[in-house]
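Report on the structure given below.
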Amino acid sequence: MSAGGDHTRKYKLQTEVVKVSYDDSWHASCPPIYQTATFKNPDVLHMGKYDYTRSGNPTRTILQEHLAKIIGCKQVWVVNSGMSCLDIITRLLKPGDEVVSGDDLYGGTDRLLTYINNNGDIKVGHHDITNLDLMKSKITENTKMVILESPTNPLMKIVDLKSIAEHAHKVNPQCIVVFDNTMMTPLMMKPLELGADIHYESATKYLNGHHDIMAGVLATDNEELADRLFFVINSIGSGLAPFESWLLMRGLKTLALRLERQQSNCIKLANWLESQGFKVRYPGLKSHPQYELHKSQTKGTGAVLSFETGDIDLSERIVRNVDIFGVTVSFGCVNSLISLPCKMSHASIDPKVRAERGFPEDLIRVCVGIEDIDDLIFDLDHAIKQAKKEQKERN
Ligand SMILES: *Cc1c(COP(=O)(O)O)cnc(C)c1O
C-alpha cells in the first residue's frame, strides 16, 4: 500500500509494471511468498479467505491483480503454462461444437486442437487468417469458438481481430473469441479492447522474460466466463504455484524495459537482414504485406522475425555457426535465440500439412534479446559467411 500520492492520475504501463500493490503487515518491499498448500481455519466453523492452494493462494492473487491492472481487465487467472490456458479454454466446449482457427498456429496449439478434433467430437477448422473474407465465411451459427493469434510465428501473419470478433459475435452472440497474445504482450496489444472474449498468453515468454519458469495468463472482462474458467482451474489444479507466481512478478517489473530494447534491436536486425538480400518477415518492415493492419491494432512490432535463405542446407549451417544466439525453441528471453522451426518448434506438425500451409523448410526464426546490437549483427554476419564458406569447400 502506498501512502498519499495523486490517485486520480492514470499511470502509463511502464509505471504500472513496476508498481505492485498488496497488503502486508510488515510492509515488505517485495510481496511475500506464501509457500503453503493449506491454510488454517480461523475458527472450526468458519473458513478464511484461503483454505487450499489449488483454489487460491495470496501470492497468486497479488500477481493476478497486478496483471489485471496491466491488462486493464476485470479478471486474470494465472496457470502453470501457456498450453494449460488453452486446455482450460477448450474445456468450455461441448461435443458437437465447431471451432474456427488459423493455419499458422504455435506448434503446441496445433497439437492440442488436433487432439480435440480427433478425440473429442469437436470439429476444428484451420484457415488462412490473412484472408478476411475466407475467415468470415467459415464462421457460422455452429461456430462456438474462434481461436486466433497474431502475429503468428514464424510466418508473421497478421489477423484483423476487430473485424473477425465483430463478425463472429454478429453471427453467433454466444461465440467465444479467444486470442493468444504471447507475441505482443499487453504492452503492445489489448485483444479484449479489440473484441476478444478471452485473452491468453504464455508468460513463459516475454512476461517473465528469463526462461526460468513456465506460466500462462488468462484474462477476461466477462464475469460468467471468468467463473467458468476458474471452475476448470480449481477442478484440475493448474493454478500457478506460489514460487512461480513470485518469480513472474519479479520478471514483470522489467517487461517494458526489456521489450523496448528487444524491439529496437529487432528492427535494426530486420533492416540489416533485408539489406543482405534475404526475404525477411517482420511486421515492423514496410515490406510486410500487412504492415498497416498490424500498426492499426498494436503499439509495437515485437522482437521476433524470420527469414528465408532459399537453401535448407545453408539455413542449417547458419544456425550451427552462431555464437551469441542460443539454438533454442521459444522466445521472449533476455538472450537472443535462433531456430529452424521445421526441425524444432514446428516439427510436431506433419510435413505434408506444413507443405499445404506454405511453410518454407529453410525458414530461420530469430528472437532478439537485449544484447548489444552490433555484436548481434556481427555474430549473424559471421555465421552466414562461415556457412557459405563451408558450402563452397564441400563442392
Ligand atoms: C509458447 C507459446 C504457447 C505455449 O506456452 P507454454 O508456456 O510454452 O505452454 C502458446 N502460444 C504461443 C504463441 C507461444 O509462443
| Members of segment 69-110 that are more than 16 Å from the ligand (Cβ to nearest atom), part of a helix (DSSP H, G or I) and either over 22 Å from residue 247 (Cβ atoms) or charged (D, E, K, R) (or both) | 69
| query | Among 80, 119, which is without any contact (Cβ under 8 Å) to a residue 12 or more places away in the chain, assigned by TED's automatic domain parsing to the domain that holds residue 149 and not basic (Lys, Arg)? | reply | 119
| said: If I filter segment 218-240 for residues that are within 16 Å of the ligand (Cβ to nearest atom), of a type in the set (S, T, N, Q), at pLDDT 95 or above and not in a helix (DSSP H, G or I), do I get at least one hit? | reply: yes
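For residue 136, indicate whether it is touching a helix residue (DSSP H, G or I) at 6+ places or on another chain (Cβ under 7 Å) and either more than 15 Å from the ligand (Cβ to nearest atom) or of a type in the set (A, V, I, L, M) (or both).
Values: touching a helix residue (DSSP H, G or I) at 6+ places or on another chain (Cβ under 7 Å): yes; either more than 15 Å from the ligand (Cβ to nearest atom) or of a type in the set (A, V, I, L, M) (or both): yes.
For residue 136, the condition - touching a helix residue (DSSP H, G or I) at 6+ places or on another chain (Cβ under 7 Å) and either more than 15 Å from the ligand (Cβ to nearest atom) or of a type in the set (A, V, I, L, M) (or both) - is met.
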| query | Can you name the residue in segment 4-62 that is among the small types (Gly, Ala, Ser) and not assigned by TED's automatic domain parsing to the domain that holds residue 228 and, of all such residues, is modelled with the lowest pLDDT? | reply | 4
| message | Whether any residue in segment 356-366 is part of a loop (DSSP other than H, G, I, E, B), within 16 Å of the ligand (Cβ to nearest atom), hydrophobic (A, V, I, L, M, F, W, C) and crowded, with 22+ Cβ neighbours inside 10 Å is what I want to check. | response | no
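So, in segment 304-334, exactly how many residues are within 16 Å of the ligand (Cβ to nearest atom) and assigned to a loop (DSSP other than H, G, I, E, B)? Outline the logic, then answer.
First, pick out the residues of segment 304-334 that are within 16 Å of the ligand (Cβ to nearest atom): 304-306, 326, 328-333.
Restricting the remaining residues to those that are assigned to a loop (DSSP other than H, G, I, E, B) gives 328-333.
Residues meeting the conditions: 6.
Within segment 9-37, which residues are over 23 Å from the mean Cα position of the chain (by Cα) and among the charged types (D, E, K, R)?
Restricting attention to segment 9-37, the residues satisfying the condition of being over 23 Å from the mean Cα position of the chain (by Cα) are 9-11, 21-37.
Scanning segment 9-37 gives 9, 10, 23, 24.
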| Would you say residue 304 is aliphatic (A, V, I, L, M), surrounded by 20 or more Cβ atoms within 10 Å (Cβ to Cβ) and more than 20 Å from residue 189 (Cα to Cα)? | no
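The values are calculated or read from the model by the stated rules, or taken from the named source; none is laboratory data. Worth saying up front: this structure is predicted, and the values here are computed from it rather than measured. Note that each Cβ is placed from the backbone with ideal geometry, even for glycine, and that neighbours are counted across all protein chains shown.
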